[in-house]
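*Asks:* Mind looking over this structure? Questions follow.
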Amino acid sequence: MIEDYEKLGIFYLGKKYNVHSRTREESLVLYDSRDLLTHAVCLGMTGSGKTGLCTVLLEEAIIDDIPLIIIDPKGDIPNLLLNFQQLTGENFLPWINEQEAAKKGISLEEYARNQAETWKNGLIEWEQPEARIQDLRNSANFIIYTPGSNAGIPISIVKSFSVPSKEVLEDSELFRERISNTVNSLLTLAGIQANPLEDREHILISTILETLWKEGKDLDLTSLINAIQNPPMKKVGVLDIESFFPAKDRFKLVMSLNNLVASPSFSSWIEGVDFDIGKLLYDKNGKPNVSIFYTAHLNDNERMFFVTLLLNQILSWMRTQSGTTSLRTILYMDEIFGYLPPVANPPSKQPLLTLLKQARAFGLGLVLATQNPVDLDYKGLSNIGTWFIGRLQTERDKARVLDGLEGSSQNSTKDFNRQKIDQIISGLENRVFVMSNTHEDGLEIFQTRWALSYLRGPITRNQIKELIKDIKLLPEFSINGKKTEIKETVSKTLNNIHQISSNNELKLTRTQPTLPPPIIQYFIPVESLGINKQSKFYYRPEIIGVASLNFVDSKLGIDTTMELQVITPITNEPISVDWTSSKEIDINLKNLQKKSEGSNFTELPLIASKAEKYDRWEKDFIDWLYKNQKLSLYKIKDLKEISKLGESESDFRNRIRTLIRENRDNTVEKLRQKYSSKIRNIQEKIQRAQYDVEIQQEQSNQQNINTAISIGGTLIGAFLGRKVSRYSRNNSSSVMRRLAKTTKEKKDIQKAIRKRDLFQHQLIDLENEFKEEIAALDHKIRNSFEDLETITVRLAKKDISVKLISLVWIPTEDKKVSD
């Protein structure tokens, strides 16, 4: 039965709990994944079961193929990787708490066997087959990142200072927030407290970022330090740089940041995989990732720095996504304390508030947890739709939670009964929570189900090494002892333009070649290639070709245009310009200069001075484009979806995954509407028939009432949830047994019983029909990706438009270029 819920995007959190009798009921508590679009918060003291509940929620999301980004400051969440194929003492032994075994006075082996047996019995008690653990293992890649450490997968912060996405640049408010948050986090890491509106350190760096980012120039810490020494602008506001922030004072700021970069421990911050949210969410084959950022080893400033950078990266990624009504991904923070305080304004606060307000439109759900409910900005949490409240430590904690919950309830139509909720919270036990969901009526009190993962407590860095030792061997995560150098963050063009070693014999002249009037020569800006103007460099000639390519296929509905830029060497060989040797580049043509910035030039082949040759090279360029350029796209046959220009297979699969999830959620909603009316109709008929039976034989009343109540608790009753009924959960076979017993009553009520039983059977038939629809929906979803195919669109010569064929001079550093 649980497997059926998984096909519906519904999370199995636990079972209802009666706080008065202190007993667990048999009714399942199910949670619609789409409700997380309005975010969730989990509050509870140490020992309340808060981590267990959040682990259960994350497990359900993983099984539903939802990628996760997790910020873990305590070390509990790597327990998600302790999902053993077999529940044996041998598998548990490396991960048990040795101190607990010692307290019980038993050997480690015996304690491990006991833990394995406890987990096996727990799953049975909560009606979860062990095969569900395998489903969890197979649903995602589990990766532990350790910023500032090599214990897990290190992650590089180099690109955190790169130019934001186009969407961020074009949103002035978001752009300002990105600058302010980046500067705040950097100064916090350096131990500098600065007010964004008053302190010149913050204002100067903010102005530098704004200036260079608007020019499309990426930064790293090294180039940022250089920019502080030699600012790219002459004024800040109405004051010139020296009046606003003299060079000798700027030097103190430079030294603070330089000491940070020069620190041996800082090197671990700039090695590892790129800070790419798309790659953190999915692997290259489109399989979801569970990306856990373990930060327990960092100090407070380092942790704040990293979390703020991560939140900013998520915001930038989010703004590049299309809107959706389905849950695309989850950001989980295992302890929100210090990041969203009520009065203070740490760097993390603004991006968190922005995410809480805007993320739902992009399919991003936030789940925030804390054991310190007093120190929270409850005005910020007023956007949260689901509250999980466990046992609290003090009356002050409880009062603050009630205040926050009351504020949140003002955004819904539900009545808020503070006294009732106060009484319920006061009597909560371990693993028992109150759920207030703005999408449902009333409160739900439940006990969390047994976790599939082994909850052994905090994981150490040494244990992390063991957990991910196999992952580190994969090419995409292996750094092979090499460190990513900060200075490598330069234009994409630099990677594609031919580099010449200074060991070559070069004939340089200090005179720029003179060409006849028809020929225009251009110069690529020195700084666009990351070359310092003060360094030694020379210009070398190449031919640049730029064309607009229009790919058209009317049958497939494709009509898209792209620009291609290439450069190729010009030589004195028989084939002076060979387009097959060209390299693709990516530069802003508006930035091409007509004057050089240096005085050293390599020899220009004589043929470059002949204007008529450029016409020949243009024709050759068109022929080369026609024969070699093609557009390869991906297509899903059943959905009639085709990938976009420049969209990778992985990105296409992820976009289709979101589309399929939207279709599934819409279908599920239609199922709700379809079956809710049917079940209400049959329930009314059952109640009327039951009334007839009660009239004819009062003494059989109790047995018959039990029968009527039981029928509502099958799959369809639980799926429709509180929107339709509050019946208890029993399976169809138990209903049939009761029906058989009921039909043995006296003859004078047989007719009424048969009528009632007919309706009962109709409800069971409805249940089976519902299951068949679920199975068909699941089959369609699982087979959607099997029809992925590659289609190729070729060019017609009429669809090639050459925009530029010209001589271009490439600045090249006069030194050996290292690998």
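*Asks:* Whenever you get a sec, line up Tyr282, Tyr675 from highest to lowest accessible area (probe 1.4 Å, protein heavy atoms).
*Replies:* On the way: Tyr282 20, Tyr675 0 Å².
I get Tyr282, Tyr675, largest accessible area first.
*Asks:* Taking the Cα-to-Cβ direction at Lys472 and at Asp615 and moving 7 Å from each Cα, how far apart do the two end points lie in nm?
*Replies:* About 6.5 nm, to one decimal.
*Asks:* Can I ask one more? What is the Cα coordinate range of the chain on the first, second and third principal axes, sorted by size from largest, in whole angstrom?
*Replies:* Taking the Cα atoms of the chain, the three principal extents are 116, 63, 57 Å.
*Asks:* Mind grabbing the accessible area of Arg680 for me, 1.4 Å probe, Å², rounded to tens?
*Replies:* Its accessible surface works out to 100 Å², give or take rounding.
*Asks:* At a Förster distance of 41 Å, what's the computed FRET efficiency of Lys627 paired with Asp171, Cβ-Cβ distance as r, to 0.05?
*Replies:* Efficiency for this residue pair is about 0.45.
*Asks:* Solvent-accessible area of Val793, probe 1.4 Å, all protein chains present, reported in Å² to the nearest ten, please.
*Replies:* Here the residue's solvent-accessible area equals roughly 0 Å².
*Asks:* In the calculated pair distance distribution of the stretch 621-685, what percentage of Cα-Cα distances lie above 17 Å?
*Replies:* So the portion of pairs separated by more than 17 Å is 64 percent.
*Asks:* Which aspartates and glutamates, on any chain, are close to Lys640 with Cα under 15 Å apart, when same-chain ones fewer than 8 places away are left out?
*Replies:* Output for Lys640: Asp553, Glu786, Asp787, Glu789.
*Asks:* Semi-axes of the stretch 579-631's equivalent ellipsoid from the Cα gyration tensor, sqrt of 5 times each eigenvalue, largest first, rounded to whole Å?
*Replies:* After scaling each eigenvalue by five and taking roots: 25, 18, 11 Å.
*Asks:* So between Tyr691 and Lys248, what do we pick up on full extension, going 0.36 nm a residue minus the alpha carbon distance?
*Replies:* 150.3 nm
*Asks:* How high is the relative contact order of the chain, given as a whole-number percent (alpha carbon pairs under 8 Å, six or more residues apart)?
*Replies:* Taking the mean separation of contacting Cα pairs over the length of the chain, I get 18 percent.
*Asks:* Can I ask one more? Keeping every protein chain in place, order Glu127, Glu215 by accessible area at 1.4 Å, biggest value first, i.e. largest first. Write out the running numbers ahead of the final one.
*Replies:* Values: Glu127 70, Glu215 95 Å².
Reading off the accessible areas and sorting them downward yields Glu215, Glu127.
*Asks:* OK, next. Would you mind calculating the gained length between Val19 and Asn195 on full extension (0.36 nm times residue separation, minus the Cα-Cα distance), in nm to one decimal?
*Replies:* Result for the pair: 58.4 nm of gain on full extension.
*Asks:* Now, a different point. For Arg653, Arg661, Arg756, Arg24, give me the order by solvent-accessible area with a 1.4 Å probe, most accessible first, ignoring ligands, DNA and RNA.
*Replies:* Most to least solvent-accessible, the answer reads Arg24, Arg653, Arg661, Arg756.
*Asks:* Can you work out the Karplus-derived ³J(HN,Hα) for every residue in the stretch 54-59? Use 6.51 cos²θ - 1.76 cosθ + 1.60 with θ = phi - 60°, whole Hz, and x for glycine or proline.
*Replies:* In residue order, the calculated couplings are 5, 4, 4, 4, 5, 4 Hz.
*Asks:* How large is the Kirkwood hydrodynamic radius of the stretch 246-397, counting all unique pairs of alpha carbons, in Å?
*Replies:* 17.9
*Asks:* For the stretch 7-116, what is the Kirkwood hydrodynamic radius in Å, using each pair of distinct C-alpha atoms?
*Replies:* Computed over Cα pairs of the stretch 7-116, the Kirkwood hydrodynamic radius comes out at 16.7 Å.
*Asks:* Around Val290, under 12 Å between beta carbons, what's the net of Lys plus Arg minus Asp minus Glu among the other residues?
*Replies:* Residues close to Val290 contribute a combined charge of -2.
*Asks:* Of the accessible area of the stretch 569-680, with the probe set at 1.4 angstrom, what percent is carbon plus sulfur?
*Replies:* Of the solvent-accessible surface of the stretch 569-680, carbon and sulfur hold 45 percent.
*Asks:* Mind giving me the FRET efficiency for Lys379 and Glu210? R0 is 30 Å, r the Cβ-Cβ distance, nearest 0.05 is fine. Write down the numbers at each step before the final one.
*Replies:* On the way: r = 29 Å, r/R0 = 0.97.
About 0.55, to the nearest 0.05.
*Asks:* Residue by residue, what Karplus-based ³J(HN,Hα) values in Hz, rounded to whole numbers, does the stretch 369-377 have, using 6.51, -1.76 and 1.60 with θ = phi - 60° and x for Gly and Pro?
*Replies:* 9, 7, 9, 10, x, 6, 8, 10, 7
*Asks:* Holding the Cα-Cα limit at 27 Å, pick out from Lys214/Lys234; Lys214/Lys798; Lys637/Lys798 the pairs that are longer than that.
*Replies:* Details: Lys214/Lys234 16 Å; Lys214/Lys798 36 Å; Lys637/Lys798 30 Å.
Violating the 27 Å Cα-Cα cut-off are Lys214/Lys798; Lys637/Lys798.
*Asks:* Cβ under 9 Å from Asp65's Cβ, Asp65 left aside: what net charge do those residues give with Lys, Arg +1 and Asp, Glu -1? Don't skip to the answer; put the middle values down first.
*Replies:* Numbers: positive: Lys287, Arg657, Arg661; negative: Asp64.
Summing Lys/Arg as +1 and Asp/Glu as -1 gives +2.
*Asks:* Ignoring ligands, DNA and RNA, what percent of the accessible area of the stretch 33-73 is carbon or sulfur (1.4 Å)?
*Replies:* 56
*Asks:* If eta is 1.306 mPa s and T is 10 °C, what Stokes-Einstein diffusion coefficient results for the stretch 502-625, Kirkwood Rh from Cα pairs, in µm²/s?
*Replies:* Details: Rh = 16.6 Å.
In µm²/s, the coefficient is 95.
*Asks:* Between Ile607 and Glu684, what is 0.36 nm times their sequence separation minus the Cα-Cα distance? Round to one decimal in nm.
*Replies:* Using 0.36 nm per residue and subtracting the Cα-Cα distance, I get 18.4 nm.
*Asks:* For all pairs of alpha-carbon atoms in the stretch 237-305, what percent lies in each bin of width 10 Å, listed from the first bin to the last filled one?
*Replies:* Whole-percent P(r) values from 0 Å outward: 15, 28, 25, 21, 10, 2.
*Asks:* Here's something else I'd like to know. Give the carbon-plus-sulfur fraction of the accessible surface of the stretch 198-261 in %, rounded to a whole number; probe 1.4 Å, heavy atoms of protein chains only.
*Replies:* The computed percentage sits at 51.
*Asks:* Something else now. Accessible surface of His202 in the full protein assembly, 1.4 angstrom probe, to the nearest 10 Å²?
*Replies:* Here the residue's solvent-accessible area equals roughly 0 Å².
*Asks:* Sorted by packing (mean other beta-carbon atoms within 10 Å per residue), highest first, where do 573-582, 320-329, 300-309, 258-267 land?
*Replies:* Top of the packing list down: 300-309, 320-329, 573-582, 258-267.
*Asks:* I'd like the FRET efficiency for Gln85 and Asn663, computed as 1/(1 + (r/R0)^6) with the beta carbon distance as r and R0 of 30 Å, rounded to 0.05.
*Replies:* 0.35
*Asks:* With a 1.4 Å probe and every protein chain left in place, work out the accessible area per residue of the stretch 41-191 in Å², rounded to a whole number.
*Replies:* So the stretch 41-191 comes to 35 Å² accessible per residue, rounded to a whole number.
*Asks:* Could you please report the charge total around Arg794, scoring K, R as +1 and D, E as -1 over all other residues with beta-carbon less than 13 angstrom from its beta-carbon?
*Replies:* +2
*Asks:* If you don't mind, another one. List the pairs from Lys287/Lys590; Lys644/Lys771; Lys507/Lys630; Lys644/Lys797 whose alpha-carbon separation is above 29 Å, in the order I gave them.
*Replies:* Lys287/Lys590; Lys644/Lys771; Lys507/Lys630
The values are calculated or read from the model by the stated rules, or taken from the named source; none is laboratory data. Predicted model only: the values in this text are computed from it and were never measured. Note that each Cβ is placed from the backbone with ideal geometry, even for glycine, and that neighbours are counted across all protein chains shown. Side chains are part of the model used for accessible areas, which takes the heavy atoms of the whole protein and leaves out ligands, DNA and RNA. Shrake-Rupley method; radii C 1.70, N 1.55, O 1.52, S 1.80 Å.
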